[in-house]
1. May I ask you to verify whether residue 136 is over 12 Å from residue 36 (Cβ atoms), open to solvent by 50 Å² or more (accessible area, probe 1.4 Å) and hydrophobic (A, V, I, L, M, F, W, C)?
2. Every residue in segment 8-52 that is without any contact (Cβ under 8 Å) to a residue 60 or more places away in the chain, in a strand (DSSP E or B) and touching a His at 6+ places or on another chain (Cβ under 9 Å), please.
3. Out of segment 1-21, which residues are of a type in the set (S, T, N, Q), surrounded by fewer than 17 Cβ atoms within 10 Å (Cβ to Cβ) and under 17 Å from the mean Cα position of the chain (by Cα)?
4. Exactly one condition in (1) in contact (Cβ under 8 Å) with a residue 12 or more places away in the chain; (2) charged (D, E, K, R); (3) under 15 Å from residue 17 (Cα atoms) is false for residue 109; which is it?
5. Confirm whether residue 24 is modelled with pLDDT of 95 or more and either touching a helix residue (DSSP H, G or I) at 6+ places or on another chain (Cβ under 8 Å) or open to solvent by 20 Å² or more (accessible area, probe 1.4 Å) (or both).
6. Which numbered condition trips up residue 70, out of (1) open to solvent by 20 Å² or more (accessible area, probe 1.4 Å); (2) under 18 Å from residue 18 (Cα atoms)?
7. So which residues in segment 139-155 are assigned to a helix (DSSP H, G or I), touching a residue at least 40 places away in the same chain (Cβ under 8 Å), open to solvent by less than 60 Å² (accessible area, probe 1.4 Å) and within 15 Å of residue 54 (Cα to Cα)?
8. Test residue 81 against the criterion of being open to solvent by 10 Å² or more (accessible area, probe 1.4 Å), touching a residue at least 12 places away in the same chain (Cβ under 8 Å) and outside any loop (DSSP other than H, G, I, E, B), and give yes or no.
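The values are calculated or read from the model by the stated rules, or taken from the named source; none is laboratory data. Computed from a prediction, not measured in an experiment: that's the story for all the values here. Methodologically, a virtual Cβ is constructed for each residue, glycine included, from the backbone with ideal geometry; neighbour enumeration extends over all protein chains shown. Remember, those area values only see protein heavy atoms, side chains included, never the ligands or the DNA or RNA. Shrake-Rupley method; radii C 1.70, N 1.55, O 1.52, S 1.80 Å.
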Amino acid sequence: MSLINKEVSDFRVQAYQSEEFREVAREDILGGWSIFFFYPADFTFVCPTELEDLAEKYDDFQAEGCEVYSVSCDTHYVHKAWHDASERIRKIRYPMLADPTHALARDFDVLIESDGVAERGTFIVNPEGRIAAYEVNAGNVGRNAEELLRKLRACKFVYEHDDEVCPAKWQPGAETLKPSLDLVGLL
């Protein structure tokens, strides 16, 4: 079953950000764009490369009015310990959400029940709190923040221009497509 247009359920979790613990709840994501970037666990191998890549693009996501939330099933205390221990993770300025009860991983359907960790799932959530785009990768395949930023921009464009669609490799300012009335039923 597709998760496109699924409304994110109510949640309230602890986060580690900017040397502090704080709470993040569903109401914090409403009214703006969000990225939920699930990864299996802190102190692993592929995860720090992805989170560092995302940290290097964080200003670009912020310029798009989008907050980035990395999410693992670790606690906020483990996020702090990893932040303190890793040069790559120290670059992170976005909130690192703690999901030890697996509430978010279950809601986004990325929980690996047998291991108690999340799949590598990436979700773009619109200002209404609905999933606009997502992908789930195998645990041994890292993601690309530049492509995620492109997808965010495309999602924002079609959200604001519901009569247009973005073709492959679309970038802001490039031509879009306007489906003809004959083809609308095929989309």
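1. Taking the combined requirement at face value, the residue does not satisfy it.
2. Matches in segment 8-52: 21 only.
3. Listed by number, the residues that qualify are 2, 5, 9.
4. The single condition residue 109 does not satisfy is (3).
5. no
6. (1)
7. Answer for segment 139-155, where residues must be assigned to a helix (DSSP H, G or I), touching a residue at least 40 places away in the same chain (Cβ under 8 Å), open to solvent by less than 60 Å² (accessible area, probe 1.4 Å) and within 15 Å of residue 54 (Cα to Cα): 145, 148, 149, 152.
8. When the stated conditions are applied, residue 81 passes them.
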